[in-house]
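Single-structure report; data block below.
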Amino acid sequence: MCGIVGAVAQRDVVPLLVEGLRRLEYRGYDSCGVAVHTGSGLERARSVARVAELDEQTRELHAFTGIAHTRWATHGAPTQDNAHPHFSNGPAGARIALVHNGIIENHDELRARLKAAGYVFASQTDTEVIVHLVDSYYDGDLFAAVQRAVAELTGAFAIAVICRDEPHRVVGARRGSPLVIGLGKNENFLASDALALAGTTDQFIYAEDGDVIDVQLGRVWIFDAEGKEVRREVRTIAAYTAAVELGPYRHFMQKEIFEQPRAIGDTLQAVERIGPELLGLAPDAEPFKGIERVLILACGTSYYAGCVARYWLESIARVPCNVEVASEFRYRDPATDPATLVVVISQSGETADTLAALREAQSLGMTQTLAVCNVATSTMVRETSLQFITRAGVEIGVASTKAFTTQLVGLYLLTLLFAKARGRLDAAAEAEALKALRHLPAAVQSVVALEPQIIAWAEQFARKENALFLGRGMHYPIALEGALKLKEISYIHAEAYPAGELKHGPLALVTAAMPVVTVAPNDALVEKLKSNMQEVRARGGELYVFADAGTQIESSEGVHVIRMPEHYGALSPILHVVPLQLLAYHTATARGTDVDKPRNLAKSVTVE
């Protein structure tokens, strides 16, 4: 969600801070700002426009110490007063500056107390409570003041703080929101994402929950939740600079759609057999010993990946599987079974609701856990006992594309591993499955080549305000994902249904003005699907069908067909989602929306 960058250096840090914010734009934001120590005191610049406008504001600003932030509004509208960084405004004036990701749940009671102590609030944010609280405890030692302040906070946060009276120091803290430390030579950094510091350093420490970090020129000190000094592992992470360049593409989303054959190939690169090695285990390990069922927890696009996986796990591996929206699971009282493998899915590995659901499941005794994730250093990966790391690379566009298809690849491999463990995948079937997987990048490349035909459809969709998506079986979640992509970036209202549900309500919406997108693989349900399509045509609806060869679905009046290059059996959902991504993308570009940064949405949802 929001982005944090902080720096202490012997060079001007303002360009580093602004560039860091630019690299974090993909996460989504509606305001941004910088605060620095100029040597004589604190100065800041804030904007409710893009980082480019903030860059213009700060051209004459120079400093060796500073913090910066991109904000996605939660408490208070996206206004300049609510934009970060926030300054303290108490008896000592603007002494403390602070940026914050997360939500403080006890901000009301703290606000009342601080007002009584003479602090004047200039914003509606929960963040301003923290900066005043730190100031109220300040007695010459910023680190000690932050330690005391965070001990009183309830909720999730990552913060970076600077002080007027300590010009070469940044203090950070985290609980529930990610924070990384970047190490340099006589300069050190804080950020919410290593990507913010690409090209500046490749040495990182991932702060743990409860850590408070003292960042100075020559050294970094870390103290844990118990107040004890600790050492954390230093990781070398290659810079991502190439990944954040657009190249010949108009938007990152388009680039990432076209990167899917490569991303799938990278995810499959080391797969030579179906075995425990897929999860980083020894060949003789038994990762699913004692497992009787699977519970998948995820949000958004990752939830739809889990819904596809349910069909695979139950039909191929014969493992009972439930899929739950993570934000719902943690607030109900489920019947639990320790023989359950809890699978969490997330692109970033920092999705707040999914992390909370994982911890809830663990607290209920379901301690056998597995993460399917694109970030090997993420909190989710560190908190699960098993991991499958996808190789999508950095995904910049808010609307997920290559992360989704690589999640599906990972979940299919997980299914095969389950099937093999349960004696349902013999050597011949394993060889056939691996052959199909190895051909998958080429198959996806053939689907991407349909782009010119899809552009023609998008020009018609751009004039619509509503759309229906239909699918059956394991392609129903793909219809859901297609509808989600269209609404996310084109702002067209779109809904998806199992095609058999048409007559149970949605058919009332069908008119000539309602395009109906249909996912039509050549599978056992295709004849049923054709009957559903006839129901649409009988009401004057316009059908837009992505049909496999062999379905005998042809273009006619009111029926528009794009032929898929080949039928791909159990892996068909991975192929069929790609044209839906392209349809959403080109519809959005035709409508002139901000494709990579859709309104009101953030890439990494790190607050509840």
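Coordinate-derived values only; no laboratory data. This structure is a prediction, so every number in the text was calculated from the model and none was measured. All Cβ positions, even for glycine, are placed from backbone atoms using ideal geometry, and neighbour counts span all protein chains on display.
Here are the numbers for the structure shown:
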{"read-out": "Dipole magnitude of segment 457-608, debye to nearest 20 (Cβ charges: Lys/Arg +1, Asp/Glu -1, about Cα centre)", "value": "240 debye"}
{"read-out": "Relative contact order (percent, whole number), segment 101-193, Cα cutoff 8 Å, 6+ residue spacing", "value": "25 percent"}
{"read-out": "Assigned charges on the beta-carbon of Lys, Arg, Asp, Glu; the chain dipole about Cα centre (debye)", "value": "620 debye"}
{"read-out": "Entries in K289/K420; K485/K530; K487/K597; K487/K530; K464/K503 that, when Cα-Cα distance is taken, lie over 19 Å", "value": "K485/K530; K487/K530; K464/K503"}
{"read-out": "Relative contact order (percent, whole number), the chain, Cα cutoff 8 Å, 6+ residue spacing", "value": "12 percent"}
{"read-out": "Sparse-neighbourhood loop sites, trypsin sites (Lys or Arg not before Pro) in segment 58-100 - DSSP loop, at most 12 other Cβ within 10 angstrom", "value": "R59"}
{"read-out": "Column: log10 I(q)/I(0), Debye, Cα scatterers of segment 248-443, q = 0.09 Å⁻¹", "value": "-0.31"}
{"read-out": "Charge dipole of the chain about the Cα centre (unit charges at C-beta), most positive-ward option of L480, M380, I96", "value": "L480"}
{"read-out": "Among 173-183, 112-122, 554-564, 587-597, the order from most to least packed when residues are scored by Cβ within 10 Å on average", "value": "173-183, 587-597, 554-564, 112-122"}
{"read-out": "Rounded to 10°, Cα long-axis angle of helix 427-448 versus longest principal axis of the chain", "value": "80 degrees"}
{"read-out": "Alpha carbon centroid spacing (whole Å) that separates segment 411-470 from segment 276-345", "value": "20 Å"}
{"read-out": "Beta bridges per DSSP with both ends in segment 451-591, % antiparallel, nearest 5", "value": "5 percent"}
{"read-out": "Part-to-part distance (alpha-carbon centres) for segment 543-588 and segment 353-381, which is given in Å", "value": "35 Å"}
{"read-out": "Segment 354-497: radius of gyration over Cα atoms, expressed as a fraction of 2.2 N^0.38 Å", "value": "1.28"}
{"read-out": "Ranking of V448, V319, V48 by count of other Cβ atoms within 10 Å, fewest first", "value": "V448, V48, V319"}
{"read-out": "Segment 200-289: projected area of the alpha-carbon convex hull, averaged over directions, in nm²", "value": "10.6 nm²"}
{"read-out": "P(r), alpha carbons of the chain - 20 Å bins starting at zero, rounded %", "value": "20, 49, 27, 4"}
{"read-out": "Sequence ranges 163-172, 372-381, 436-445, ranked by mean other-Cβ count within 10 angstrom, highest first", "value": "372-381, 163-172, 436-445"}
{"read-out": "Distance in nm between pseudo-label sites at R537 and A429 (7 Å out along the Cβ direction from Cα)", "value": "3.8 nm"}
{"read-out": "Helical mean residue ellipticity (222 nm; -39500 (n - 2.57) per DSSP H run of 4+; nearest 500) of the chain", "value": "-10000 deg cm²/dmol"}
{"read-out": "Gyration tensor (alpha-carbon) shape descriptor, segment 1-114, a/c threshold 1.5", "value": "oblate"}
{"read-out": "DSSP-assigned coil residues among trypsin sites (Lys or Arg not before Pro) in segment 242-334, each with at most 16 further Cβ atoms within 10 Å", "value": "R250, R273, K289, R318, R332"}
{"read-out": "Segment 451-591, relative contact order in percent, only Cα pairs under 8 angstrom and at least six apart counted", "value": "31 percent"}
